[in-house]
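Contents: one structure, followed by commentary.
The values are calculated or read from the model by the stated rules, or taken from the named source; none is laboratory data. No experiment lies behind these values; they were computed from the predicted model shown. We place every Cβ from the backbone using ideal geometry, glycine too, and count neighbours over all the protein chains shown. Keep in mind that these areas ignore ligands, DNA and RNA; they rest on the heavy atoms of the full protein, side chains included. Shrake-Rupley method; radii C 1.70, N 1.55, O 1.52, S 1.80 Å.
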Amino acid sequence: RWLADRNVRDTEYISLKIPDRTADMSLSTPLEYCENYATEGELLAAAYQLAGMGCTSVIWGCTSASFFRGMKFAQLQSQLLSESSGVPASNTAMAFLAALGVLRAVQVDILSPYAGEVTQTLVSFLSDAGISVRGIRNMRRGPRQHVFDIDCEAELAEFVASTPPSDHPILIPCTSISSLERVDIFERISGRPVITANQVTLWHALVLAGLSPNIADAGSLFRSCARTSDRSSV
């Protein structure tokens with residue numbers, strides 16, 4: 001519906017949910033949660049099924065479960081998804097790197113909903129890709145509060161107010177944060193590019209399918225792609 005509302009025609013988004021076996025597990029760390037969530041067999045079976053449904057690209061939409069074991073693991077995960085589906089494939093962590101490449105960014109700030117250990121793993125992942133992290137803010141979250149209930153706008157405003165002015169992007173990871181309708185709001189608050197997990201996941205899936213959609217209200221990333229597409233057609 002989001003794509004159709006923005007005149008991205010002849011495009012269908014099919015989603016398969018990986019079974020969550022972690023709800024009844026007493027995991028000691030958030031990284032162990034990622035380990036049990038990113039089960040290779042289930043991911044590859046889903047990729048194969050999506051290809052059979054006619055998908056021309058496949059992406060695993062989870063940030064932490066694609067970066068939690070480092071760059072080589074994220075790359076291998078994407079490769080295995082592609083081999084299983086027979087089409088171009090990726091994951092959210094690699095989508096973030098692709099987006100930073102389009103924006104020509106080598107430094108970022110992070111507004112993170114994760115526990116400190118997971119956030120530092122993300123910093124290490126970005127460092128392996130040549131991306132330096134200048135500032136980090138861990139979002140405030142109550143003990144029973146879900147990620148999707150966090151007031152990201154307020155957290156972002158406080159983060160920007162507490163950091164020196166800059167034009168490099170702010171990353172907001174975690175696909176549990178509903179962000180597609182809010183990226184332009186985030187960028188108005190921050191005064192600079194903001195890239196979010198759901199935004200880069202959808203964007204990279206479209207790019208891998210051979211599309212460069214011109215979407216005006218979806219943040220700097222989609223606008224940058226539109227400019228690139230316009231230049232290439234001249």
Using heavy-atom solvent-accessible surface (probe 1.4 Å) with all chains present, what is the largest-first order of 148, 68, 73, 186?
148, 73, 68, 186
Quick one: dipole size for the stretch 1-138, taken about the Cα centre, charges +1 on Lys/Arg Cβ and -1 on Asp/Glu Cβ, in debye to the nearest 20.
460
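Measure off, as a whole percent, the carbon and sulfur share of the 1.4 Å-probe accessible area of the chain, all protein chains present. Each step should come with its number before you reach the end.
Working: 5830 of 11700 Å².
So the carbon and sulfur contribution to the accessible surface is 50 percent.
Ordering 177, 59 by how much accessible area each has at a 1.4 Å probe, largest first, what is the list? Before the final figure, lay out each step's value.
Values: 177 5, 59 35 Å².
The residues order as 59, 177, largest area first.
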Using a ≥ b ≥ c from the Cα gyration tensor of the stretch 1-140 (square roots of the eigenvalues), is it rounded, prolate or oblate, where a/c under 1.5 gives rounded and otherwise the larger of a/b and b/c decides, a/b for prolate?
oblate
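Work out the FRET efficiency for residue 14 and residue 76 from their Cβ-Cβ distance, taking R0 = 41 Å, and round it to the nearest 0.05. Please report the intermediate quantities before stating the final value.
On the way: r = 24 Å, r/R0 = 0.58.
Result of the calculation: an efficiency of 0.95.
How much length, in nm to one decimal, is gained on full extension between residue 2 and residue 192, taken as 0.36 nm per residue of separation minus their Cα-Cα distance?
On the way: separation 190, 0.36 × 190 = 68.40 nm, distance 2.33 nm.
Net length gain for the segment: 66.1 nm.
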Accessible area per residue in Å² at 1.4 Å probe, computed on the chain:
50
